[in-house]
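Engineer: Quick one: structure below, then a few questions.
Quick note: the coordinates plus some simple rules give every number you see, no bench work behind them. Everything numeric here is computed off the predicted structure, so don't read it as measured data. Here the Cβ is made from the backbone with ideal geometry for all residues, glycine too, and neighbour counts use every protein chain on show.
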Amino acid sequence: MNVTLLKPYGFCKGVYNVINYINEIVAKHPNENIYCIGQLVHNEIVMKKLLSLNIKVLTGDKSKLIDSINKGVVIFSAHGTDEKIVQKAKEKGLIVYDAACPFVKQELNLIKNKVLGDNDVIYIGVKNHDESNAALAISNKIHFVGTIDDVNNLEITNKNIVVINQTTLSILDLKEIHNKIKEKFPSATFIDEICNSTRLRQEFFYKNKDKFDGVIIVGDKNSNNTNALKNVAEKLNYNVIMIDNYENIDLKWLERKNNILLASGTSTPNEVVQDICEKIKNR
């Protein structure tokens, strides 16, 4: 059995930076209560490590969570946060750190600038995802699209329309929605904001179609970029399974496989991917 490890694998640069950032914050505030507002990254293994550092992870309505904290350090998750909520935390006198991924910050700043430039923005994303919520909070001139059907319900009179997307979507889904928007709003301008690490992993499937008789994607079921990777593989008719550790592999699925591709989401720890790779090779 041959096992090909798709590179890059494991953490993207943004997640590496966030993990290092968190360790610096913990070292800097040894005597403070530290709260992570939202899942820092969508991976259970990573979140367990945070809990071992005595960081309290709070999920739910971010504004209400800030209301419940009167003292200490708050860290906003890597997926982006409504600026009004960040400001609210600062005004309460909390020690505030924003761990938003640089790609997400770039995307949110781009949306803000387009709205200020008298454009309406069609935002393509995953409903109720932190990144989408942060984008939609910028202005009421932002119109959310999660599926092709949502495009049919759009009513925009402004002729200046810019289409921007969440950074971790499936490139196949995004293309389909773009085509639908072009039909309804021919003058719209399109800006593809899928991050490099997500794009490279998905594009590998295009370039290597039919080379593998099985694909294993390693990542958390709550990770949007991992689910998008699986989505692309399935649409290209790969025989694909998604797991978060070796123990979850269906051994019967491995039978009669000759060439396996091992891929991972950008929030999956490198050591988890390497462990799975070695155990499969040693079977």
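Engineer: Relative to the Cα centre, what is the charge dipole magnitude of the stretch 103-191, using +1 at the beta carbon of each Lys and Arg, -1 at the beta carbon of each Asp and Glu, and rounding to the nearest 20 debye?
Structural biologist: The dipole of the stretch 103-191 has a size of about 240 debye.
Engineer: Sticking with this one: At ASN31 and TRP253, where each label point lies 7 Å from the Cα along Cα→Cβ, what is the point-to-point distance in nanometres?
Structural biologist: 5.1 nm
Engineer: Here is a further query. On a full-extension model of 0.36 nm per residue, what is the gain between LYS182 and THR157, subtracting their alpha-carbon distance, rounded to one decimal in nm?
Structural biologist: In short, 7.5 nm is gained.
Engineer: Express in nm, to one decimal, how much length is gained between LYS141 and LEU116 on full extension, taking 0.36 nm for each residue of separation and deducting their alpha carbon distance.
Structural biologist: Contour length minus Cα-Cα distance gives 8.0 nm.
Engineer: Two decimals, Cα atoms only, Kirkwood Rh: what is Rg/Rh over the chain? Before the final figure, lay out the partial values.
Structural biologist: Numbers: Rg = 20.3 Å, Rh = 20.2 Å.
The Rg/Rh ratio comes out at 1.00.
Engineer: A 28 angstrom limit on the alpha carbon distance is what I want to check against. Which of LYS7/LYS252; LYS182/LYS221; LYS221/LYS257; LYS114/LYS182 exceed it?
Structural biologist: LYS182/LYS221
Engineer: Then there is this: Just for the Cα atoms in the stretch 103-191, what are the lengths along the principal axes, largest first, rounded to whole Å?
Structural biologist: 30, 28, 19
Engineer: Turning to a different aspect of this structure: First select every other residue whose beta carbon is under 15 angstrom from the beta carbon of ASP61; then total the charges, Lys and Arg +1, Asp and Glu -1.
Structural biologist: Neighbour charge sum, excluding ASP61 itself: +1.
Engineer: Against the empirical 2.2 N^0.38 Å scaling, what ratio does the C-alpha Rg of the stretch 141-283 come to?
Structural biologist: Dividing the Cα Rg of the stretch 141-283 by 2.2 N^0.38 Å gives 1.25.
Engineer: Run the numbers on the chain and let me know its relative contact order in percent, using alpha-carbon pairs under 8 Å that are six or more apart.
Structural biologist: Details: 481 pairs, mean separation 65.1, N = 283.
Relative contact order, the chain: 23 percent.
Engineer: Shifting gears a bit: If each residue of separation counts as 0.36 nm, what is the full-extension length gain between ASN270 and THR4 once their alpha-carbon separation is subtracted?
Structural biologist: 94.3 nm
Engineer: Using Cα pairs under 8 angstrom and six or more residues apart, how large is the relative contact order of the stretch 103-191, in percent? Intermediate results must be reported in sequence, preceding the final value.
Structural biologist: Working: 116 pairs, mean separation 28.2, N = 89.
This gives 32 percent for the stretch 103-191.
Engineer: Note down the magnitude of the dipole of the chain about its Cα centre, charges +1 on Lys and Arg C-beta and -1 on Asp and Glu C-beta and zero elsewhere, to the nearest 20 debye.
Structural biologist: Charge dipole, the chain, about its Cα centre: 340 debye, nearest 20.
Engineer: Oh, and also: Lys/Arg Cβ at +1, Asp/Glu Cβ at -1, dipole of the chain taken about the Cα centre: which of GLY214, PRO8, ASN70 is farthest positive-ward?
Structural biologist: Looking along the dipole axis, the top candidate is PRO8.
Engineer: For LYS127, give me every one of the aspartates and glutamates with a C-alpha distance below 14 angstrom, ignoring sequence neighbours fewer than eight places off in its own chain.
Structural biologist: Those aspartates and glutamates meeting the cut-off are ASP149, ASP150.
Engineer: For the pair GLU203 and GLN106, how long in nm is the line joining their label points, each one 7 Å along Cα→Cβ?
Structural biologist: In this crude label model, GLU203 to GLN106 measures out at 1.3 nm.
Engineer: Find the eigenvalues of the gyration tensor of the Cα atoms of the stretch 1-66, then list the square roots of 5 times those eigenvalues as equivalent ellipsoid semi-axes, largest first, in whole angstrom.
Structural biologist: 28, 15, 11
Engineer: Lys/Arg Cβ at +1, Asp/Glu Cβ at -1, dipole of the stretch 178-283 taken about the Cα centre: which of PHE185, ASN196, ASN258 is farthest positive-ward?
Structural biologist: Final value for the positive-end residue is PHE185.
Engineer: Using just the helices of the chain, give the 222 nm mean residue ellipticity in deg cm²/dmol: DSSP H runs with n ≥ 4 each add -39,500 (n - 2.57), and the total is spread over all residues, rounded to 500. List each step's numbers first, then the result.
Structural biologist: Numbers: 12 runs with 121 residues, N = 283.
-12500 deg cm²/dmol, from helical runs alone.
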